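Data block below; observations after.
The values are calculated or read from the model by the stated rules, or taken from the named source; none is laboratory data. Only a predicted model underlies this, so the values are computations on that prediction, with no experimental measurement involved. Neighbour counts run over all protein chains shown; Cβ positions are idealised from the backbone, glycine included. The area values use the complete protein model at the heavy-atom level, side chains included, leaving out ligands, DNA and RNA. Shrake-Rupley method; radii C 1.70, N 1.55, O 1.52, S 1.80 Å.
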Amino acid sequence: VQLQAFGGGLVQAGNSLTLSCTASGDATFNGYDMGWFRQAPGKEREFVARVWWRDGSTDYAESVKERFTISRDTAKNTVYLRMNSLKPEDAAVYLCAASYLRTTRALPGPDYWGQGTQVTVSS
């Protein structure tokens, strides 16, 4: 599965941004758990949110709960990350990831990674 992430950019603190993740070619996300991770300069990559494709169940990092929403559009085979009330500490490269029949949070990590999209938050 080749993943493509879109939607990063520069936003002011307090504003919103929506990221998208799709699969290239004819690949679908059936049976996959889809996740968003992020990595800021000098920091470890961290989990942000995940959604189980089959039933839409979600899970979030504590730092983004109540502000970020992960969702999926099964018709468009796309995963979204809506980020509200952005803070400077949310600035990072955001990466889309997928794991087949297991959570993307499980070790040793996701089966597949997409390229990152940069999110910059100005204060």
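Worth a mention:
- Once the 1.4 Å probe is applied to the protein heavy atoms, the chain comes out at 51 Å² accessible per residue.
- Proximal lysines to residue 65, defined as alpha-carbon separation beneath 24 angstrom and excluding residues fewer than eight positions away on the same chain: 43, 87
- Calculated on C-alpha atoms, the gyration radius of the chain divided by its Kirkwood radius gives an Rg/Rh of 0.94.
- Amide N proximity, segment 1-40 versus residue 77 label position 7 Å along Cα-to-Cβ, cut-off under 12 Å: 1-4, 22-30
- The accessible surface of the chain, taken with every protein chain in place and a 1.4 Å probe, is 46 percent carbon and sulfur.
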